[in-house]
Amino acid sequence: MFHRLALASVAFLGVVSAQLTITSPSANDWWVAQSLNTLAWTCDTSPYQNFTILLTNSNLSILPAPLAIIAVQDNFDCSETITQQQSAQPAGTGYVVQLASTVNETDVYASSQPFEIKALGATYPTTTSSAGSSATGSSASPTTTTTGAALAQYVPVGLSMAAALALGLVVA
């Protein structure tokens, strides 16, 4: 009996610890209007296979209702580049990205920290990650320098090793 209870507890803790978190944008990682922007989330701990990506704002005069910018996003992608058309919102503060059910967008799985969309031409924040990549602020899209070893962990699912080598995504 105790053994079954212990196994059930471990299984429950595994479910509780599985979560979906938006890592970018955030309060210190803003977007630039009408530019390419990055949305990133913790796909390795997410219990969801896919979700709808919504953009909201607490100021209803800026965005009166949640705006679905991607109807169905696969979780395994771990990040998505938001296009110029998708981020064509006015500059302002109080924006929040929500990842929600594809069937019921009021069932929100995760919300970003409130962030700012800066005016077209603004610089991106300077960031550094421990994975060996870095980005520096610029007036265009973020510039990233990444080593081949760091990129090797990001080979898209379904991409053959030969194609990944040809594209320079993996260092032989």
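The values are calculated or read from the model by the stated rules, or taken from the named source; none is laboratory data. Keep in mind it's a predicted model, so treat the numbers as computed, not measured. In this analysis, Cβ positions are derived from the backbone assuming ideal geometry, glycine residues included, and neighbour counts consider all displayed protein chains. With ligands, DNA and RNA removed, areas are computed over all heavy atoms of the protein, side chains included. Shrake-Rupley method; radii C 1.70, N 1.55, O 1.52, S 1.80 Å.
Some notes on this structure:
- For segment 71-132, the strands (runs of 3 or more DSSP E) that sit wholly inside it and include 3 or more residues that are hydrophobic (A, V, I, L, M, F, W, C) are 92-100.
- Check on residue 39, closer than 23 Å to residue 119 by Cβ, buried (at least 17 other Cβ atoms within 10 Å of the Cβ) and at pLDDT 95 or above: yes
- From the list 113, 86, the lone residue that is within 17 Å of the chain's Cα centre (by Cα), modelled with pLDDT of 50 or more and open to solvent by 60 Å² or more (accessible area, probe 1.4 Å) is 113.
- Among the residues of segment 42-69, those that are among the hydrophobic types (A, V, I, L, M, F, W, C), surrounded by fewer than 18 Cβ atoms within 10 Å (Cβ to Cβ) and more than 12 Å from the chain's Cα centre (by Cα) comprise 60, 62, 65, 67, 68.
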